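Enquirer: Following this message is one structure expressed as structure tokens.
What follows draws every value from the coordinates through simple rules; no lab data is involved. Here the structure is a predicted model, which is why all the values come from computation and not from measurement. Note: ideal-geometry Cβ built from the backbone for every residue, glycine included; neighbour counts use all protein chains shown.
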């Protein structure tokens with residue numbers, strides 16, 4: 001299954017973890033005396049900040065710790081609905097695939113951000129009704145009313161984000177998801193395929209979601225700026241800083257759902273669930289850059305660069321940190337399903353109660 005580019009960028013939202021709210025920073029490591037003239041030091045700092053902002057221009061920002069926690073929570077939400085089945089009326093077996101995205105939409109004001117974290121998940125699913133077993137009951141449940149599902153997928157995608165000279169950047173995201181679920185028709189439904197109620201179903205399972213994202217920037221930025229007094233800085237900032245975030249979460253969901261079928265072709269379902277979660281998101285950064293020399297030249301009659309010093313700067317990607325997932329969540333979900341002969345297409349949305357965690361899932365399944 002080809003992962004949509006939109007979901008790749010959703011995964012990349014998790015990369016902004018600098019204390020300065022940017023993935024990559026450019027730091028002046030040695031002013032070499034030029035900082036003794038305060039106005040000129042301000043000029044240098046402003047010019048370096050402009051370049052840093054340009055390099056991070058296509059990336060979001062947010063508080064580091066909150067972003068890491070938000071990414072872990074989003075990972076849990078991304079896996080909802082991929083390995084479960086709520087309205088397919090499977091009698092013998094099922095096979096299909098789905099993809100999901102999760103996000104923590106909590107906003108921040110310092111620094112400002114529109115999202116606290118995002119994650120993606122994908123999975124191929126197979127399901128079977130356990131009525132073929134010799135035993136009639138398992139733990140008091142009728143086997144002909146008990147369905148078992150297994151889902152798994154591992155996928156890697158590389159994406160060039162910017163080909164701008166001096167500011168090239170690329171990303172790679174690897175996704176692995178694994179899960180197993182049981183569904184039991186607790187209260188049988190009524191009606192027909194043209195207008196029917198699906199009853200009440202009980203769901204239990206285990207979900208594992210892993211996202212590994214690597215973001216690398218090739219910085220080769222020429223700087224040549226002059227202040228109002230004619231003082232000039234010149235040079236090239238070079239570096240290949242590397243940022244990584246690794247997210248691995250586990251979730252054990254317990255759910256109740258119900259559904260209705262309208263005119264055979266459309267099914268609507270809804271439900272509630274509680275989840276026990278564990279896991280975390282970890283961020284790492286590698287410098288991969290030597291110090292770059294920026295020459296400083298006095299303007300006419302100026303003394304800002306009294307000895308024509310060389311200012312040293314360095315590109316950095318120091319984003320080390322971690323954030324844990326919320327251990328318990330409760331949520332509601334709704335979905336719609338198009339029913340075709342032996343095939344269903346579905347979309348689903350999840351929303352955690354008491355928080356801004358959301359998830360969306362879509363997929364295609366062949367049902368018998």
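Enquirer: Provide the FRET efficiency to the nearest 0.05 for the residue 182-residue 54 pair, computing r from the beta carbons and using R0 = 51 Å.
Expert: 0.45
Enquirer: Once the Cβ-Cβ distance between residue 290 and residue 45 is put in as r, and R0 is 25 Å, what FRET efficiency do you end up with, to the nearest 0.05?
Expert: My answer for the efficiency is 0.75.
Enquirer: OK, next. Gain in length, residue 174 to residue 364, computed as 0.36 nm per residue apart minus the alpha-carbon separation, to one decimal in nm?
Expert: Taking residue 174 through residue 364 to full extension adds about 66.2 nm, to one decimal.
Enquirer: As an exercise, use a Förster radius of 30 Å and the Cβ-Cβ distance of residue 36 and residue 220 to find the FRET efficiency, rounded to the nearest 0.05.
Expert: About 0.50, to the nearest 0.05.
Enquirer: What is the fewest-to-most order of 86, 31 by other Cβ atoms lying within 10 Å of their Cβ?
Expert: Ranking 86, 31 by Cβ neighbours within 10 Å, fewest first, gives 31, 86.
Enquirer: In what order do 263, 105 fall by count of nearby beta-carbon atoms within 10 Å, going from fewest to most?
Expert: Fewest-to-most Cβ neighbours within 10 Å comes out as 263, 105.
Enquirer: In nm, to one decimal, how far is the residue 265 label point from the residue 324 one, both placed 7 Å along Cα→Cβ?
Expert: A separation of 5.1 nm, rounded to one decimal place.
Enquirer: Which order do 94, 139, 161, 364 fall in if you start with the one that has the fewest other Cβ atoms within 10 Å?
Expert: Ordered from fewest to most neighbouring Cβ atoms within 10 Å, 94, 139, 161, 364 come out as 139, 364, 161, 94.
Enquirer: Each label point is 7 Å from the Cα along the Cα-to-Cβ direction; what then is the distance between the points at residue 65 and residue 148, in nm?
Expert: About 4.5 nm, to one decimal.
Enquirer: Return the whole-Å distance between the Cα centroid of the stretch 204-262 and the Cα centroid of the stretch 333-352.
Expert: One Cα centre to the other: 30 Å.
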